[in-house]
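To start, the structure itself, in structure tokens.
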Amino acid sequence: MEHVYHRTPQHNIHSGFGHQSTATEVLQGIDLSGKLALVTGGYSGLGLETTTALVHAGAHVIVPARRPDIAKEALSDIEHVEVGELDLSDLDSVRAFASTLLESGRSIDLAILNAGVMASPETRVGPGWELQFATNHLGHFTLIHLLWPLLTAGDGARVVVTSSAGHHFSPIRWDNLNFEGNYHKFEAYGQSKTANSLFAVELDRRGAEQGVRAFAVHPGGILTPLQRHLSREEMVELKWVDEEGNAVNPAFKSPEQGAATQVWAATSPQLEGKGGVYCEDCEIAEITPQDGPRVGVQSYAVDPDEAKRLWALSVEWTGVDQA
């Protein structure tokens, strides 16, 4: 009998959690013993909080890191964690990491694609790809494709793609995706976060029949090393911090609150049988008007036709297509 894919509505499900919920709270009563999780960038900022919360719930966590020595040091006090080397902006590095993991033959139950760069100076990698799109989207796209046999080997896996409210800055720029001759660091970041959301939409459609469900999440505003490319002056101008560097935006979350939505999307029984949606504040977000506030999700970031078009382009650019 042919599998029929039913899209999960992009509407609140009244989870009972919210803006201030923590990763520990959303995991209460959930036993992850025997589960294998993959958390890219799981050694600093939100990633470290995510790794810690998953381990406390019983999971074994693999943390691929661009700087494995620093990752090992940051994770030295946490048991049941292993570190691998992975540079998402270099597809040879992605292939090498995936090959090692494939040889282990273990099934992956949870994959949280948390690593990323934000508002970086104009940088080209590979055949001229814009760095933020290459790292945040193409690297993760390639990784999931290469690890597909491990995601489909178990009793059902979830892939959580860390997007951002930054997707409001830009849809996919089909006419100039690499921002050639017209670079704007926040718009390029926004495009990469829209790509993250669209990746989850199409990945869920393709993976549901094999038990793999995918979600995009906005963790919330949090001061983490992600802001390393922004000067103090820029962050003051954005009203994120004061002149001394202290957080002043009342909407900002603590790292443990910021980790909550991606942990919730990866583990919550409330999302059983669901997928392909954008979540924020431990809830499926509502679609927001294009000229409205930067809450919820823009329709272009969950558009299934845009998602298919991005998938086809990503396959063409990376040369992988297993999912």
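The values are calculated or read from the model by the stated rules, or taken from the named source; none is laboratory data. Here the structure is a predicted model, which is why all the values come from computation and not from measurement. Glycine also receives a Cβ, built like all others from the backbone with ideal geometry; neighbour counts cover every protein chain displayed.
Looking only at residues in the stretch 41-62 that are touching a helix residue (DSSP H, G or I) at 6+ places or on another chain (Cβ under 8 Å) and among the hydrophobic types (A, V, I, L, M, F, W, C), the one that is surrounded by the most Cβ atoms within 10 Å (Cβ to Cβ) is LEU46. Does the stretch 169-184 contain any residue that is surrounded by fewer than 24 Cβ atoms within 10 Å (Cβ to Cβ), in contact with a helix residue (DSSP H, G or I) (Cβ under 8 Å, 6 or more places away or on another chain) and modelled with pLDDT under 95? Yes, there is a match, as at least one residue in the stretch 169-184 is surrounded by fewer than 24 Cβ atoms within 10 Å (Cβ to Cβ), in contact with a helix residue (DSSP H, G or I) (Cβ under 8 Å, 6 or more places away or on another chain) and modelled with pLDDT under 95.
Can you pull out every residue in the stretch 162-206 that is part of a helix (DSSP H, G or I) and in contact with a strand residue (DSSP E or B) (Cβ under 6 Å, 6 or more places away or on another chain)?
Residues of the stretch 162-206 part of a helix (DSSP H, G or I): 165-169, 185-206.
Within the stretch 162-206, ALA165, ALA188, ASN196, SER197, PHE199, ALA200, LEU203, ASP204 meet the criteria.
Conditions tested, residue by residue: (1) crowded, with 20+ Cβ neighbours inside 10 Å; (2) aromatic (Phe, Trp, Tyr).
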site	(1), (2)
PRO68	no, no
SER76	no, no
VAL81	yes, no
SER107	no, no
ILE112	yes, no
PHE141	yes, yes
PRO149	no, no
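Taking the stated definitions as given, is VAL212 buried (at least 24 other Cβ atoms within 10 Å of the Cβ), at pLDDT 95 or above, in contact with a strand residue (DSSP E or B) (Cβ under 9 Å, 6 or more places away or on another chain) and of a type outside the set (Gly, Ala, Ser)?
Numbers: buried (at least 24 other Cβ atoms within 10 Å of the Cβ): no; at pLDDT 95 or above: yes; in contact with a strand residue (DSSP E or B) (Cβ under 9 Å, 6 or more places away or on another chain): yes; of a type outside the set (Gly, Ala, Ser): yes.
For VAL212, the condition - buried (at least 24 other Cβ atoms within 10 Å of the Cβ), at pLDDT 95 or above, in contact with a strand residue (DSSP E or B) (Cβ under 9 Å, 6 or more places away or on another chain) and of a type outside the set (Gly, Ala, Ser) - is not met.
Within the stretch 12-47, the set of residues being modelled with pLDDT under 95 and of a type in the set (A, V, I, L, M, F, W, C) comprises LEU46 only. Take PHE97 and decide whether it is among the aromatic types (Phe, Trp, Tyr), more than 16 Å from LEU48 (Cβ to Cβ) and either in a loop (DSSP other than H, G, I, E, B) or touching a strand residue (DSSP E or B) at 6+ places or on another chain (Cβ under 7 Å) (or both). Yes. Among the residues making up the stretch 244-274, those that are at pLDDT 95 or above, in a helix (DSSP H, G or I) and surrounded by fewer than 24 Cβ atoms within 10 Å (Cβ to Cβ) are PRO269, GLN270, LEU271. For the stretch 135-155, residues that are over 27 Å from GLY220 (Cβ atoms) and either of a type in the set (A, V, I, L, M, F, W, C) or assigned to a loop (DSSP other than H, G, I, E, B) (or both) total 8. Selection of the stretch 275-323 for residues being buried (at least 16 other Cβ atoms within 10 Å of the Cβ), in a loop (DSSP other than H, G, I, E, B) and of a type in the set (Gly, Ala, Ser) yields GLY275, GLY276, ALA285, GLY296, ALA323.
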